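A short reminder: the numbers here are calculations on the coordinates, not readings from a lab. Keep in mind that this is a model prediction, so the values were computed, not measured. Ideal geometry is used to build each Cβ from the backbone, glycine not excepted, and the neighbour counts take in all protein chains shown.
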Amino acid sequence: MEENFDGEELDNIITLNDENGNEVKFEFLDLIELDNEQYVVLLPVIEEGEEEEDGEVVILKVEDSDDEDEEESYVSVDDEDTLMKVFNIFKEKFKDEFDFVDGEE
């Protein structure tokens, strides 16, 4: 279980390593199934002192490990159509909880 800087315990925070090996914390928002594949929708956690981004979510595909001892891993999705389908499902599920901004502002 992770703690944020307010001292509140957050059990929906996961830590992943980026391509440079740096740890990055994300808030787990949802798990979406599409075409027999699973995708996680994550929101980068802004640490104290970091510049706040514009709230873009990260969508990663869940890859099950062949080894039972290994945790599942997440891989980036290169297919823009798949990303949009997953994001649209997410938007529909959470339309009352988040203010979504479409397009470039």
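General remarks:
- Multiplying the residue separation of V75 and N12 by 0.36 nm and removing their Cα-Cα distance gives an extension gain of 20.8 nm.
- Residue exposure sequence - V57, V62 - by fewest surrounding Cβ within 10 Å: V62, V57
- Counting neighbouring Cβ atoms within 10 Å and putting the fewest first, the residues D81, D96 line up as D96, D81.
- Proxy reagent accessibility, fewest Cβ within 10 Å first, across V24, V101: V101, V24
- Additional length obtainable on full extension of the chain from I46 to V24, 0.36 nm per residue less Cα span: 7.0 nm
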